[in-house]
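Step one of this worksheet: look at the structure below.
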Amino acid sequence: MPNITPSATIQDVIVVEPDVHGDQRGRFVETYRRQWLPLGREMVQANRSEKEAGAVVGLHYHLHQADYWYMLRGRARVVLHDLREGSPTDGATQVLDLSGDEDRGLFIPPGVAHGFAALTDLLLWYLVDGYYNPADELGLAWDDPDVGADWGVASPVLSARDQANPRRGDLPAAVRPRFGLRT
């Protein structure tokens, strides 16, 4: 039975440590099961992200989509920030490392901003419960002092999109997530 741990920092974030089975031939890991996640819906799209050491992705968030991340290779510093108005953990930031050497999944609910810094070259596999929708691809400044995260990289490399994301205090009300609202 996997170890399923709700975050003590951000409500509805869940860390999954699945069972690993192995022998002289190799190993087998069941990386995801919907029933492990109380807020989980059907995952409808799988994505693969390969990044070089020093890359920073995010912070991104969605009003309607949840993510489930699983690091296959390399190490990442993951930053989560609760943007959900009315959430008991609104404004909380959580930082954790994911490694391809450790079997851990991470469930990120809608309204929780998420990003990562590639501490090494990496390969991240992730599932989402909504098809790509550009209207639900929102961003928060990675270096926002209200987030206050240590990304673990000295010279981050960011996309133009991520460099232009607004600070938390500048997010328009129309794109501020609300706790408990999801379609």
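Derivation of every value follows stated rules applied to the coordinates shown; laboratory data play no part. Worth saying up front: this structure is predicted, and the values here are computed from it rather than measured. All Cβ positions, glycine included, derive from the backbone under ideal geometry; neighbour counts span all protein chains shown.
A few comments on the model shown:
- Spin-label pair HIS64/ARG48, simplified geometry with 7 Å Cα→Cβ offset, distance in nm: 2.8 nm
- The share of Cα pairs per 5 Å bin across region 40-96, counted from zero up to the longest distance, runs 4, 12, 22, 25, 20, 13, 4, 0 percent.
- Charged side chains reduced to their Cβ positions (Lys and Arg at +1, Asp and Glu at -1) give the chain a dipole of some 300 debye around its Cα centre.
- Average projection, convex hull of the Cα set of region 3-167: 9.8 square nanometres.
- For trypsin sites (Lys or Arg not before Pro), the sites in region 23-76 that DSSP calls loop and that have at most 13 other Cβ atoms within 10 Å are ARG25, ARG33, ARG41.
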